[in-house]
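Down below is the structure, laid out as structure tokens.
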Amino acid sequence: MTTRQFGQPLKRNEDPRLLTGHALFTDDVQLPGMLHVAFWRSDLAHAFIRSVDVESARKRPGIVAVYTAEDLGEFWQPGPLLVPPPPVEQLEFHQRTQVPLAKGKVRHAGEAVAMVVAESRYLAEDALDDVYVDYEPLEAVVDLEAALAAGAPLVHEDLGTNVSARVTQTKGDWAAAESEADLVLRRRYHYDRGTAAAMENRGIAASWDERAQRLTVWDTTQAPIAIRNGLAAMLGLSEHQVRVIAPFIGGGFGPKIMMFYPEEVLLAWAAVQLNCSLKWIEDREENFYATTQERGQIHDAAIALKRDGTVLGVKDRFLHDAGAYAPYGLTVPINSQCTLLGPYVVPSYRSEFTSVFTNKPIVTPYRGAGRQHGVFVMERLLDAAARRLSLDPAEIRRRNFIPPEEFPYSNEIIYQDFAPLVYDSGNYEPALDRALELIDYERFKQEEQPRREAAGERVGIAVVNYIEGTGIGPYEGARVTVEASGKVSVATGVGTQGQGHYTSFAQVVAEQIGVDVPDVHVVTGDTDLFYWGAGTFASRGAVVAGNAMHAAATKVRRKILKLAGEKLEAAEEDLELIEGRVQVKGVPQTSISLGALAAEANPMRGAVQPGTEPGLEATEYFGPERGATASGVHAMILRVDKDTFLLEIERYVVVHDCGTVINPLILEGQIQGGVAQGIGNAFYEQLHFDENGALRNASLMDYLLPTASDIPNIVSDHVETPSPLNPLGVKGAGEAGAIPVGALFAQALDDAYRDIELEVREIPLSPNRLFELVGEALTRERA
Amino acid sequence: MKPAAFDYHAPRTLEEALDLLAAYGEDAKPLAGGQSLVPTMNFRLAQPEALVDLNEIDGLFFIREGERGLHCGAMTRQRAVERSGMARKAAPLLHEAMPHIAHAQIRNRGTIGGSLAHADPAAELPAVAIALDASMYVRSVTDARWVPARDFYVGLFATAMEPGELLVEVAFPQPRPRSGWAFEEVARQHGNYAMCGAAAVVELSEEGAIKKARLVFLSVGEGPVAADQAAAMLVGERPTATALRAAAEEAATKEIDPVGDIHAGPAYRRHLARVIGERVLTRATARANEAPLL
């Protein structure tokens, strides 16, 4: 190999199409006679439905059909449980999953009660005015602690409780750690809800072809294959009668892997019922209710340490807001529970959580998927301990790192993929040192901060660590084909939502086949082009699909070499693949192009020999035994306007270790996008529910997403500790940027107000909240 | 998020527009830049029977100097005011406030009259209009009148205009000698709604005492709030830092009654009023004085 493709900061293959408006998104699908759908959504969070009257809506002009739960007949079924509870002893779990249309009861504001199919979206929305729902309003379950109190209203009456699940996991002996400790600190932390707010809302187009007896569904899903399988089963069709296409998607972030959204099953069902094509595009207001959310947790945590800062144990008890239904099982709270341990040696750990049903939109993973909560708790505990022990925050972290020679390192508890929480590899101290160097930690603390504080400024510095379990199974697959044109086509089942798969996967393949990356054509997310797979989630695309690509490409490479050896009458080991040709090493005259070779492999005369296959093609699968553990350090210098409490991030550093890097440019984008979402989470974004479970800020006017002017330039660097769990040595990077940002803000603010012992114990923050917290700290200080 | 059906009219003359508004009464909405009205209609919070689109009426787009100072046609785009050299010179406070109005893309479409007539309590232009003693020219089929800005705002999203009336022009008096101005606001993000903002105008006497002062807040009441007591306290005073701070304190504690929302509670808004009030008075005085504070 003379030109390396793998590891290079190549520009993305997909960008010309995306940037010039030539990529297909779901709303671009226009079919003849297409109908349009709108949903009547509950404005109450909790109410019995006495009756639903859609008769006058049905009679309006341009209305094709109006459906309620009753009209669905046998098709009305609660959705599947996507992830069953993990094999943890004495686990309590109550399964309740979302329904296509509310029947008898609404359990969160925005839950769909009726579906209107009309000749246009305008007419469909007009008809919503003529849907009459007779409610019996109920007290809403909003607060997590009140939900568990005796006599609380129940989200699911038949359960007799609002408990969705209880899980306890332990390691070592917390009681012993507590009794041995020189210092035990207890804290309560709040981490509130946010929404992913992808640039593209959800959307579904479905078309039933009666002559072909085939259903085609375009869906903004992160898991097209699972949607295909599920729709076929629900509709009584063969999987081959259903094609699901996840086209280009404007951001996934996790909520788009929820299955099955009511709209997904209803559009497909209605297309078959009405023998038509129809489309529903979620509007931004609907997105605030009908797309899943994340993050409401309350933690009561304690840490036990020796005087030198050595951690002896952590105890954590937390409540997790599941929302009205819990289709995703325990993934989010298990992530919080496991990720809390971070890159540290924590000999004793006791963590118990209660997942709680509330009358709020459903919670499923959103970038970070519970990890930021765990990181927030652990990093805050360490900060509180450092202050009490007069240690520098960076130093207390350094003293507790798992040493590099201890890997693989077992934390003894069970992770979200049901495998024991074992870190495959890691090397934490070099990353911390690099981050401190890039942020100029010592100079800031010794020189700049005192000087600026003397001039009346409020400035703080922070450095936090995290680990991220990535790249979990079960598996993904890939098919690599050299075409007669000499170009290479690649198909995989995972969908793409902006991650640059068309480039990073192409780099993995190009590395083996010896072609240029733009000559590798990648197709993702079309079930007709690749049959098997799980989906894009848990920072697993590069790890799992990437290694399947590598395996398939390696096999095609072997086929190329074998056939070329025969054609060129040369030994395989004397051949090289270079610029789309196979040649005898150093003898370019003796060569054959990949295109010619592909034609030779698919002859018009002669027979394929027994035990061989036509073509230069291979399909391979990869499934890791468990996830690869990425890690990183974020550092920041933050200035607070002491009068207005607005913040300015003056410097932001990320040092990240996701093993082998496929494309540094794409990785940089992942990190920056993640940090932007983390900043939103830390200081701008909050869903404000009132006591009735109504959302007070269901628009981008009031739900503040960070904009370009709120995001600093991010200085990033990488440490590469390859994962031993996969041939490429890669680890996932999709969520890393978002995970530790809340903890980072908290530490920086504490530092800026250390004279009055500010201690931030909640996320998200806001200027108003900071004004209150500083006011309280001042009052305490004066007392 | 699709609007309910409505009739659409795009008259070419002001007279036609006024006829339509008279005919529909409260059932029609004039459409200027549409930056507030159209989203409200998409949410179906507003369902007017008809829109009278003013964008084809050439006579409503102008910036010129006239007998009342700087005159702007109601349909003049905010971006045009922002970039006008004449406006910058004749109404520097207005010029300073313009970039705080949402984002440039919105100002390209949004109009000066649309914002003034919409009377959003978080809007910049109403506060500026009061601080500058601007006046609004209001027309109907039967009537034409100039309304002082101070009398134009009568409550939450409410103005002194009757159904059938249209704001067609606004005039800002020329700056007085030895006067200075300042505008500032605190928003959670650039381009977002202000949690508190203030416009100030300070005029000094030849002796350097304060001859006249204006301090008008936005986002702390049902409309623009003129802090007249604070302004009165300053008249005749030397503009010392202490006096300016005391005036801001007076305004923030006694003259505003902010309600909270999800972004800013009443206490924080009051705190911001104190901070911003002092900042704008200080800057306005410095500009009036062109000399360091006493």
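The values are calculated or read from the model by the stated rules, or taken from the named source; none is laboratory data. Owing to the predicted nature of the structure, the values given are computational and were not obtained by experimental measurement. Ideal geometry is used to build each Cβ from the backbone, glycine not excepted, and the neighbour counts take in all protein chains shown. Heads up: the accessible areas ignore ligands, DNA and RNA and are worked out on the full protein's heavy atoms, side chains in. Shrake-Rupley method; radii C 1.70, N 1.55, O 1.52, S 1.80 Å.
Summary of computed values
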read-out	value
Scope region B:40-49; condition open to solvent by 50 Å² or more (accessible area, probe 1.4 Å) and either without any contact (Cβ under 8 Å) to a residue 24 or more places away in the chain or within 14 Å of chain A (Cβ to nearest Cβ) (or both); matching residues	B:Phe43, B:Leu45, B:Gln47
Those residues of region B:7-39 which are part of a loop (DSSP other than H, G, I, E, B) and crowded, with 16+ Cβ neighbours inside 10 Å, in sequence order	B:Pro11, B:Ala32, B:Gly33, B:Gly34, B:Gln35, B:Ser36
Matching entry among A:Ala708, A:Ala777, A:Ala738 (being of a type outside the set (D, E, K, R), out of contact with any strand residue (DSSP E or B) (no Cβ under 7 Å at 6 or more places or on another chain) and within 14 Å of chain B (Cβ to nearest Cβ))	A:Ala708
Looking only at region A:568-605, and only at residues there that are charged (D, E, K, R) and exposed (fewer than 14 other Cβ atoms within 10 Å of the Cβ), the one that is modelled with the lowest pLDDT	A:Arg605
Near pairs, Cβ below 7 angstrom, 6+ apart or cross-chain, from region A:433-449 (hydrophobic (A, V, I, L, M, F, W, C)) to any residue that is open to solvent by 70 Å² or more (accessible area, probe 1.4 Å) and not in a helix (DSSP H, G or I)	A:Ile439/A:Arg651
Residue satisfying all of: in region B:259-270; within 22 Å of the chain's Cα centre (by Cα) and surrounded by 24 or more Cβ atoms within 10 Å (Cβ to Cβ); farthest from the other protein chains (Cβ to nearest Cβ) among these	B:Arg269
Among (1) outside any loop (DSSP other than H, G, I, E, B); (2) of a type in the set (Lys, Arg); (3) more than 14 Å from chain A (Cβ to nearest Cβ); (4) touching a residue at least 12 places away in the same chain (Cβ under 8 Å), the one test that B:Arg245 misses	(3)
Region A:688-697, residues that are under 20 Å from B:Met1 (Cα atoms), surrounded by 16 or more Cβ atoms within 10 Å (Cβ to Cβ) and either at the interface with chain B (Cβ under 10 Å from one of its Cβ atoms) or polar (S, T, N, Q) (or both)	A:Asn697
Neighbours by Cβ (under 8 Å, 6+ apart or cross-chain): first from region A:766-783, at negative phi; second basic (Lys, Arg)	A:Ser766/B:Arg188; A:Pro767/B:Arg188
Filter result for A:Gly368 (in a loop (DSSP other than H, G, I, E, B), at positive phi, crowded, with 24+ Cβ neighbours inside 10 Å and in contact with a strand residue (DSSP E or B) (Cβ under 7 Å, 6 or more places away or on another chain))	no
Exclusive hit being at pLDDT below 95, surrounded by 22 or more Cβ atoms within 10 Å (Cβ to Cβ) and closer than 22 Å to A:Trp218 by Cα, set A:Ala542, A:Ala538, A:Ala534	A:Ala534
Count - residues of region A:659-679 that are away from every other protein chain (no Cβ under 14 Å) and open to solvent by less than 10 Å² (accessible area, probe 1.4 Å)	6
Residues satisfying the stated conditions in region A:606-626, i.e. touching a Phe, Trp or Tyr at 6+ places or on another chain (Cβ under 7 Å) and open to solvent by less than 40 Å² (accessible area, probe 1.4 Å)	A:Phe622
Verdict on A:Ala682 being open to solvent by less than 10 Å² (accessible area, probe 1.4 Å), under 27 Å from A:Ile461 (Cα atoms), at pLDDT below 95 and assigned by TED's automatic domain parsing to the domain that holds A:His634	no
Residue identified as more than 30 Å from A:Ala175 (Cα to Cα), open to solvent by 30 Å² or more (accessible area, probe 1.4 Å), of a type in the set (Ser, Thr, Tyr) and more than 14 Å from chain B (Cβ to nearest Cβ) among A:Ser277, A:Ser238	A:Ser238
Options B:Ala286, B:Ala230, B:Ala194: the member that is open to solvent by 10 Å² or more (accessible area, probe 1.4 Å) and either more than 14 Å from every other protein chain (Cβ to nearest Cβ) or touching an Asp or Glu at 6+ places or on another chain (Cβ under 9 Å) (or both)	B:Ala286
Residue check, B:Glu56 more than 23 Å from the chain's Cα centre (by Cα), more than 30 Å from B:Leu93 (Cα to Cα) and open to solvent by 50 Å² or more (accessible area, probe 1.4 Å)	no
